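Right, one structure below, let's go through it.
Laboratory data are not the source of any read-out in this text; all were calculated from the coordinates shown. Note that the coordinates shown come from a computational prediction; the quantities given were computed from them, not determined experimentally. Note that we place each Cβ from the backbone using ideal geometry, even for glycine, and neighbour counts take in every protein chain shown.
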Amino acid sequence: MTWRGAVLAVMRVPHQPEPPPGSPPRVFRAAPNYLTLKTVQWAIAQVALIIPVMILTGASAFAGVVAVLAVVGWIVYLFQAVFSWAVMRLDYELRWYMLSDRAIRIREGIGSVREKTMALANVQNISIRQGPLQRLLGIADVEVTTAGGGGPAASAHGKKGVGEPMHIAYFRGVDNAEQIRDLVREGVRRQKDAGLGDPDDHQSAPDADAAITELLREARKLRAVAEEAAARR
């Protein structure tokens, strides 16, 4: 088994998400420079973690117990460095940004898998966010916001998390942010013009039809009673 397969098995990462409702979706990916940014952040974290290990190594010349701790520290450090690098790499590779003519579906994360689906008809705001390092690397995040509360995000397994709320989603680390923004805007405009809402809202249509049918039935009964009363006069 490759390192990739081993990490996926340990982290229990699910297969690629189902396409969102609507037409066959366009799939976007995080840019290579997003991996560069994450690698820089990973390297900074590794420097911070190696300092205590180096301190233990320097002190191990004066105490046998400290020498053992230094060896253990190096083993733990090397293991976490390799594993965290593999997770970071897969987090970059397994990001799914899907856009159909009706909805957005985004999945991200390896340790905590987060998946969101948004109906374009419910989107209220689309913006581009770009920090200094992102500007330097030529990447940005596209933020999509819908109406709704600020409940916690849900994982792909249905468990609630402590991340961003479900009514906010991001196309993170893309190098075509303006294109994605314009495509989402166009999809939103078409849905608004068509008068469409959340695909799930249409599940209530059968109940509405049943209620209208019942009202018509009662109206016919009342009409029949009125006609019968009029005929007796």
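For region 12-120, just the Cα set please: Rg and Dmax, both in angstrom.
My reading of the Cα-based Rg and Dmax gives 20.5, 69 Å.
Which of 28, 83, 171 has the fewest other C-beta atoms within 10 Å, and how do the rest follow up to the most?
83, 28, 171
What is the P(r) of region 3-194, as percent of Cα-Cα pairs per 10 Å bin from 0?
P(r) for region 3-194, in whole percents per bin: 8, 28, 30, 17, 9, 5, 2, 0.
What distance in nm lies between label points placed 7 Å from Cα along the C-beta direction at residue 4 and residue 80?
2.7 nm
What Kirkwood radius, in Å to one decimal, follows from the Cα pairs of region 67-113?
This gives a value of 13.1 Å.
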